[in-house]
1. Return the residue satisfying two criteria in turn: it lies in segment 103-122 and is of a type in the set (Gly, Ala, Ser) and modelled with pLDDT of 80 or more, and of such residues it is nearest to the chain's Cα centre (by Cα).
2. Being at pLDDT below 80, among the small types (Gly, Ala, Ser) and under 21 Å from residue 53 (Cβ atoms) is the filter here, so list the residues in segment 70-91 that pass it.
Amino acid sequence: MDEFERHRLRRVARQAALKRLGVRNVRCVCGETDPLCFEAEHINRRKYDDVVWGCCINCHRKKSARERAEHPTVGLHPGDPFERMAHRFLGAAVYLEFCVEGLRQDAEVMFKLAGREFKIED
């Protein structure tokens, strides 16, 4: 088995593992699409929760660091539905803010490219 085939098999196995975790998207907001670079992002901040999004390792670490710095910790009653909803809302908000930051950066690049005189075919 050559290196290309081993890499392909690792990608297939990682894709299956992500699917078992509940990740349905394998495209991060930064553009990463290699399943070997993905982790399951638990929106409710609970490791085995059923609400997960796919996120590349780099973006996952950035988002998690921001959550640790800005969000309250999980309380004494982790089964409290209001606390679970609050963490879900904050997790989704941070994820969407992360997406917005990426979109703004991409828009700036596109505006810079729009000012140049070249065609898409170039």
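1. Looking at the filtered set, the residue picked out is 107.
2. 91
Per-residue answers, yes or no, for (1) surrounded by 15 or more Cβ atoms within 10 Å (Cβ to Cβ); (2) aliphatic (A, V, I, L, M); (3) modelled with pLDDT under 80:
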| residue | (1), (2), (3) |
| --- | --- |
| 16 | no, yes, yes |
| 20 | no, no, yes |
| 45 | yes, no, yes |
| 60 | yes, no, no |
| 101 | no, no, no |
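The values are calculated or read from the model by the stated rules, or taken from the named source; none is laboratory data. Everything numeric here is computed off the predicted structure, so don't read it as measured data. Every residue, glycine as well, gets a Cβ built from its backbone with ideal geometry; the counts of neighbours run over all protein chains shown.
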